[in-house]
Each structure stands twice: as structure tokens, then as C-alpha cells.
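Coordinate-derived values only; no laboratory data. Model, not experiment: these values are computed from the prediction. Here the Cβ positions follow ideal geometry from the backbone for every residue, glycine too, while neighbour counts run over all protein chains shown.
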Amino acid sequence: MKSFPIPVVAVGTGSQPEEEEELVYLEMPKDMDTYRAPRLDAFDDAELNAQVCATFVELRDAMNSRRISGEPVRIDLSNRSAELIAGINDALGEGEVAIMISAPNMTRIQETAFPSIWRVLAYDEMGNLVEDAIEACSIPPRVISAARAVAAADVDVPPAPPGVMNSPALVHELLDVVGRRQDKEQAHVLNLTLLPLSPNDIDHLGATLRMGSVSMLSRGYGNCRITSTAMKDTWWVQYFNSTDKLILNTLEVVDVPEVALAAQEDWEASIERLGEWVAIMMEDY
């Protein structure tokens with residue numbers, strides 16, 4: 001997967017310079033695939049079809065058993081044939097959320113067309129695949145742990161450049177919130193869209209927060225690009241319309257932004273849809 005720079009755009013009163021200039025501070029994924037529904041037609045190979053169905057039944061039953069606890073479900077695919085994995089991938093399809101983790105291990109995570117079910121691929125330093133799994137959960141737990149692994153509650157704040165208006169106060173507020181928060185607390189959101197921010201403000205925020213290890217693209221509510229920062233539990237979240245125009249720019253202090261999470265209703269619906277998929281596939285043999 002390629003990585004392209006995405007501008008962190010300032011909006012609001014006093015945010016636009018007289019001459020247009022590009023501001024690039026955080027990298028986010030851009031060339032990720034959009035939603036693709038899973039196949040419902042039968043595979044040509046009856047044995048392959050049976051193996052894919054068996055995997056789906058295994059996944060559905062495991063998800064059923066975790067309805068109450070809500071613990072993640074994980075199915076390791078590393079010991080399965082390349083043909084079977086290809087069939088599973090084709091059947092699962094691709095959903096609306098894609099995630100890249102750059103550290104401590106390069107990891108690609110793609111939501112499937114069954115919400116709350118994710119494909120997880122991890123690589124070593126040489127680019128060799130070292131982990132291949134299906135995970136069922138609101139979001140794979142490693143997203144949070146990876147973001148925190150390279151972040152700190154107290155970050156170095158560079159001197160504010162001339163012309164800043166609100167960034168020093170925003171940084172102070174973030175440090176205060178991050179220093180006091182506990183896991184799973186409700187999100188603390190700073191809406192940058194409503195604030196007067198100059199390009200120097202954005203520059204100062206970018207230099208303070210810096211790029212984290214996790215970047216996400218969610219197409220569930222338009223086009224939402226999310227990146228972790230070097231400040232613990234602090235995420236830069238940007239919402240774009242269909243023409244890729246920034247319409248909402250926020251900083252969120254939270255375990256992980258809600259827009260990237262699958263809901264409990266998604267979990268329940270996916271259990272039902274897995275059963276329907278298996279029933280349809282088995283009718284053809």
C-alpha cells in the first residue's frame with residue numbers, strides 16, 4: 001500500500017493566507033479500495049467452497065459465543081493454503097474502513113463487507129508476511145496499542161512562531177486533558193473548523209503533535225481521514241465531502257475515534273449475514 005501526503009487544511013476565520021499555499025503535515029492513506037460487496041456466486045471448486053464455508057461457520061460460531069463478553073474473535077489463517085485464503089478474501093469483500101500501522105510492525109487492516117470483521121496482515125522489517133488473520137471486533141485492539149506505543153502524555157512543545165493566535169492555548173488544553181484522562185473515557189473534541197487559525201497556528205500544531213504510527217481512512221460518513229499523533233490518545237480527524245473539500249477538522253482525545261469503530265449492531269448483523277452467506281453457498285452443491 002502506498003502512502004501519500006494529505007494536507008492538514010486550516011479552516012475558519014483568519015485561517016486562509018492571501019496567497020494559496022499547500023500545508024502538508026500529516027501523512028494519511030489515500031489510495032485505499034472503496035466498498036466492494038462479497039461474492040454470493042458459488043466457487044467453481046466444490047472442495048474450496050466447502051472450506052470457505054467451514055471458515056465462515058467457525059467465525060460465526062465464535063462470534064456467537066462472544067455476544068455477551070464482547071471479546072475479540074481471531075482466526076489465524078497463516079497455516080491455510082493460498083487458494084483458500086484467496087477464496088476467503090473474495091467472499092469477505094472490502095468494507096469502508098482501511099488502516100495502516102507503521103510501527104512497531106508494518107500492518108495493514110481492512111474492514112470486510114461484513115462490518116466488525118477485519119482482515120489483518122502484518123509484515124516484518126524485510127516486508128515478509130508474518131501474520132495473516134481474521135479478527136471480529138469493533139476495531140482490532142492493536143490499533144490502540146500501536147498508537148500508544150510511539151506516543152507520550154507529555155510532548156516537547158516547540159516555540160510558537162510569530163503570528164499564532166490559538167495554537168498555544170489548544171496545545172495547553174490537550175496536554176491537560178491527556179494528562180488527566182483514563183482509558184475508555186468519553187472523547188474530548190477540539191473543533192478546529194470553528195476556530196480562527198492562521199497557517200502558523202496549523203504549523204505549530206503539526207510541529208507539536210507530529211505524525212503517529214496509525215492512519216485510517218473511513219468512507220462510512222463521507223470521506224474521513226484519521227491519524228494518530230505523538231501525543232497519547234490524540235487523533236487528528238478530518239471529514240471531506242464528495243469533492244474532497246474539508247468540511248470538518250477536529251482533534252480528538254480518545255482511545256480511538258468513534259467514526260472508525262464498528263457498532264454492536266454491526267456485530268449482530270454480521271453474524272446473521274455470515275449464516276445467510278453459508279446457506280446460499282451450500283445450496284449450490
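Filter the chymotrypsin sites (Phe, Trp or Tyr not before Pro) in the stretch 203-238 to those in DSSP coil with at most 13 other Cβ atoms within 10 Å of their Cβ, and list the result.
Details: sites: Y221, W235, W236; in loops: Y221.
Sites meeting the loop and neighbour criteria: Y221.
Add +1 for every Lys or Arg and -1 for every Asp or Glu among the other residues with Cβ under 12 Å from the Cβ of Y123, and state the total.
Local charge sum for Y123: -3.
Let me check against my output: what whole-number percent is the relative contact order of the stretch 191-284, with C-alpha pairs under 8 Å and at least 6 apart?
On the way: 115 pairs, mean separation 19.5, N = 94.
Averaging sequence separation for qualifying contacts and normalising by length gives 21 percent for the stretch 191-284.
What is the sum of charges around L84, taking Lys and Arg as +1, Asp and Glu as -1, for the other residues whose C-beta is under 12 Å from the C-beta of L84? Working shown, then result.
On the way: positive: R80; negative: D45, E47, E83, D90, D132.
Net of charged neighbours comes to -4.
Please list 201-207, 225-231, 71-77, 142-148 highest first by mean number of surrounding beta-carbon atoms within 10 Å per residue.
Values: 201-207: 21.7, 225-231: 23.3, 71-77: 15.7, 142-148: 19.7.
Highest mean packing first, the order is 225-231, 201-207, 142-148, 71-77.
Counting only other residues whose beta carbon sits under 14 Å from that of I271, what net charge do I get with K and R as +1, D and E as -1?
Values: positive: R60, R66, R67, R273; negative: E58, D61, E265, D266, E268, E272, E276.
With Lys, Arg at +1 and Asp, Glu at -1, the net is -3.
Would you mind putting 179-190, 109-120 in packing order, based on average other-beta-carbon counts within 10 Å, highest first? Kindly include the intermediate steps, with their values, before the conclusion.
Details: 179-190: 12.3, 109-120: 23.4.
The densest-packed peptide leads the list: 109-120, 179-190.
Work out, step by step, the length gained on full extension between D90 and V189: first 0.36 nm times the residue separation, then minus their alpha carbon distance; give nm to one decimal. List each step's numbers first, then the result.
Details: separation 99, 0.36 × 99 = 35.64 nm, distance 3.78 nm.
Extra length available between D90 and V189 comes to 31.9 nm.
What's the magnitude of the charge dipole for the stretch 234-285 around its Cα centre, counting Lys and Arg as +1 and Asp and Glu as -1 at the beta-carbon? Answer in Debye, nearest 20.
Working: 2 positive and 11 negative charges, 74 e Å.
Roughly 360 debye for the stretch 234-285.
Across the stretch 86-93, in residue order, what do the Karplus-derived ³J(HN,Hα) couplings come to in whole Hz, using 6.51 cos²θ - 1.76 cosθ + 1.60 with θ = phi - 60° and x for Gly and Pro?
Once θ is set to phi - 60°, the couplings for the stretch 86-93 become 4, x, 4, 4, 5, 6, 6, x Hz.
Taking the Cα centre of the stretch 87-130 as origin, sum charge times position over the Cβ atoms of Lys and Arg (+1) and Asp and Glu (-1), and report the length of that vector in debye to the nearest 20. All intermediate terms of the calculation are to be shown ahead of the outcome.
Values: 2 positive and 6 negative charges, 11 e Å.
Roughly 60 debye for the stretch 87-130.
With contacts defined as alpha carbon pairs under 8 Å and 6 or more residues apart, what's the relative contact order of the stretch 65-156 in percent?
On the way: 132 pairs, mean separation 24.1, N = 92.
Worked out over the stretch 65-156, it gives 26 percent.
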